Every structure is written in C-alpha cells, then in structure tokens.
Amino acid sequence: MFLLNGKPLALDVPFETPNGTQYPANWLRLASPEDRKDIGITEVPDPPSPWKSTGLLVEYCAYTAHCNSLEIPDSSNILSRPAH
C-alpha cells in the first residue's frame, strides 16, 4: 500500500500532492521507488484483509456458490448450510 502524508493512495487513480502537483492514474505503477520517495510517498504492507482473516470470503463463496474453486485453509470457516 502506498501512503502520501499518512493517507492511502489507490492504484490507477489520479492524485494530487499537498503542494498541488497532479499525477495521472498510472503514475504509481510506472514510478520507481526513488520517484515515489522524492515526492513523499511511502510503501507499507497491506493491512490484513477482513475477508481472509475472518473467513468471510469462504462463507460468501459457500453461501452464494459464486466461486468455482477455493482453497480452504481452515474447514471450520465453511458454512453448514448448502449453497443456493
């Protein structure tokens, strides 16, 4: 995840720095680590996904049958009711 002044920057979305400089949507993908550092952007690990950490994705897939295949690391996350 990229941060600018402590605020997350989304990939493929244009952004503006506090001094008013505007950057196009693809800039984060194309910029080198040095380019990002030069304007004050830091990269930090992504926070844990609530979908993965709570098993909600597994439950959603099991309930809606929208997932064709799914690796299930912990079978206790599977819903007991059948998919519709």
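Tabulated data
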quantity	calculated
Test result for Leu11, over 17 Å from the mean Cα position of the chain (by Cα) and either at pLDDT below 55 or outside any strand (DSSP E or B) (or both)	no
Selection from the range 25-47 of residues that are assigned to a helix (DSSP H, G or I), of a type in the set (A, V, I, L, M) and either in contact with a Ser or Thr (Cβ under 7 Å, 6 or more places away or on another chain) or surrounded by 13 or more Cβ atoms within 10 Å (Cβ to Cβ) (or both)	Leu28
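The values are calculated or read from the model by the stated rules, or taken from the named source; none is laboratory data. In this text, all values refer to a predicted model and were calculated from it rather than measured experimentally. All Cβ positions, glycine included, derive from the backbone under ideal geometry; neighbour counts span all protein chains shown.
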